[in-house]
Every structure is written in structure tokens, then in C-alpha cells.
Amino acid sequence: MTAIEIEGLKKTYKSPFLRREVEGLRGLDLSVQSNEIYGFLGPNGAGKSTTIKILTGIIHPTAGTARILGVSAWSVGAREQLGYMPEFPTFHDFLRTEEFLGFFGALHGIQGEALGKRIEEVLEWVGLPGVMGQPLKTFSKGMLQRIGLAQAILHDPAVVILDEPMSGLDPMGRRDVRRLMEHLRTQGKTVMFSSHVLSDVEEVADRICVLRQGQKVLEGRVDELLADAKVERLEDLFFLGEEAP
């Protein structure tokens with residue numbers, strides 16, 4: 001089953017400085033299968049965050065369609081099945097861990113004892129055991145990144161979209177995020193994530209997509225793309241994609 005499907009996606013912005021429209025996405029097509037970890041790559045300004053914001057309903061496209069589990073990405077049904085962590089998560093840092101996650105759990109109808117158990121479970125998964133009762137303002141950058149991951153998966157979504165989930169994490173933290181994504185895949189979940197840490201993408205992604213200037217220049221399984229391009233590292237493949245016409 002296709003978990004995420006994008007067809008002919010376009011997004012143009014009016015630039016007050018250039019006094020013309022700027023194309024953020026130019027007819028993007030891609031699909032992400034269920035139970036797959038999909039790496040979403042490209043240089044700054046390639047259109048990754050724009051695509052993710054469209055999929056999560058934050059912005060609307062100029063043209064094209066986006067579907068999550070067969071329904072419009074902007075429908076309530078899609079939102080119920082979607083977990084999301086933005087690139088730069090910000091939180092009300094006066095809240096304690098259980099208050100913060102409890103708020104998001106309540107939004108999804110999780111209450112009482114079930115909510116408490118679920119909070120403890122996801123905190124264990126993201127490597128934050130023992131932080132119940134601790135205010136978010138005492139968290140390090142890496143801990144805040146982990147708590148953002150926890151809220152993204154708290155309601156047990158079928159599809160999880162993570163924008164730069166390795167940002168701000170040390171090598172051990174990045175390893176834990178990779179393990180979390182693999183754990184979600186074993187549960188039948190679909191994970192789409194963007195990252196600039198190419199070694200992490202190469203290690204965990206089933207398939208990747210490389211964007212350049214709002215267009216897809218490469219897509220496929222990492223091992224097959226490396227073999228076809230006759231290169232050994234994803235970094236080399238990434239720059240081949242950059243130079244593609």
C-alpha cells in the first residue's frame with residue numbers, strides 16, 4: 001500500500017525582493033510505501049521543507065495533489081494518522097514533561113492511565129527515561145529534540161514525518177533515532193525523514209529521494225542507486241544528483 005503519494009506538486013512564492021514569483025516546487029512526483037523508511041535529501045532551498053509543510057497541512061500547494069494513506073493530506077483523516085516533528089521544534093518550556101506530552105495525548109483522545117503508560121513508553125523509546133516531572137526549560141538541545149520525537153509518535157500514527165530529526169544530536173543520539181525509526185518500521189509504520197547527515201541516511205533508509213531546485217533528480221533504493229552510479233558512498237551520489245541536468 002502507498003502511504004504517501006504526491007503528484008504534480010507545485011508551489012510558487014511571491015518574492016518582495018526579487019519582485020517576481022519563485023518556484024519552490026516544480027511538478028514533484030513521488031511515492032512512499034507502507035512500512036518503509038524513506039530518506040528525503042537535497043541542499044538548502046531544494047524544496048524539502050516546502051514538501052513536508054504541504055504534507056502536514058501547514059501550507060497549500062499552488063497545484064498538484066498530496067495523499068496520505070489514500071486520502072487528501074489536508075483532510076482530518078490524514079491528520080489523525082500522521083505524526084510530525086518540525087526541523088526547529090519549539091515548546092512552552094515552563095511545562096513539565098508529562099504536562100507537555102499529556103497535552104498532545106489529550107488532543108488525540110488519549111486519557112487517564114492509558115495516557116500515562118503511553119508517555120512512559122515513548123520516553124523510553126526516545127532515550128529519555130526518568131525525566132517525568134522535569135521542566136522542559138532544563139532540557140539540553142538534544143533532549144528537546146528527543147521530546148519532539150516523543151510527541152510525534154505519542155498517538156501511534158501510521159505515518160511519521162520527521163524534518164531533520166538528527167539535528168543537535170551527538171553520535172549516540174543519532175544512533176538512537178535510527179533505532180527508533182527501525183523500531184517503527186517493525187511495527188508496520190512508515191517513516192519519511194529529511195537529513196543532511198548522509199551517513200545516517202545511508203545506514204537506515206530503504207529508499208531515498210534527492211531534490212534539486214524543486215525537482216526530483218534521484219529516487220530509489222540506496223544500494224541500487226550506488227551500483228548504477230558506480231560510486232561507493234551516498235555523499236558521492238548526492239553530488240551526482242546535484243549536477244544532474
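Some observations on this one:
- Restricting region 179-195 to residues that are small (Gly, Ala, Ser) and within 18 Å of PRO86 (Cβ to Cβ) leaves a set whose member that is modelled with the lowest pLDDT is SER195.
- Here PRO86 passes the criteria (1) within 12 Å of the chain's Cα centre (by Cα); (2) over 24 Å from LEU123 (Cβ atoms) except the one numbered (2).
- Being assigned by TED's automatic domain parsing to the domain that holds MET1 and either at pLDDT 90 or above or of a type in the set (Phe, Trp, Tyr) (or both) is a property that ILE59 has.
- Taking region 1-54 as the range and being basic (Lys, Arg) and surrounded by 15 or more Cβ atoms within 10 Å (Cβ to Cβ) as the test, the residues that pass are LYS10, LYS11, ARG26, LYS48, LYS53.
- Scanning region 124-157 for residues that are over 14 Å from ASP176 (Cβ atoms), without any contact (Cβ under 8 Å) to a residue 24 or more places away in the chain and part of a helix (DSSP H, G or I) turns up just one, THR138.
- Qualifying residues in region 102-123 (those that are of a type outside the set (S, T, N, Q) and not in a helix (DSSP H, G or I)) - the one surrounded by the fewest Cβ atoms within 10 Å (Cβ to Cβ): GLY109
- If you go through region 9-60 and pick out every residue that is among the basic types (Lys, Arg) and within 16 Å of the chain's Cα centre (by Cα), you end up with 2.
- Qualifying residues in region 186-245 (those that are at positive phi and free of Cβ contacts under 8 Å to residues at least 24 places away in the same chain) - the one nearest to the chain's Cα centre (by Cα): GLY220
- Listed by position, the helices (runs of 4 or more DSSP H) contained in region 178-245 that have at least 1 residues being over 22 Å from LEU55 (Cβ atoms) and touching a strand residue (DSSP E or B) at 6+ places or on another chain (Cβ under 7 Å) are 222-229, 234-243.
The values are calculated or read from the model by the stated rules, or taken from the named source; none is laboratory data. All of these numbers come straight from a predicted model, not from anything done at the bench. Here Cβ is always computed from backbone atoms with ideal geometry, including for glycine, and neighbour counts include all displayed protein chains.
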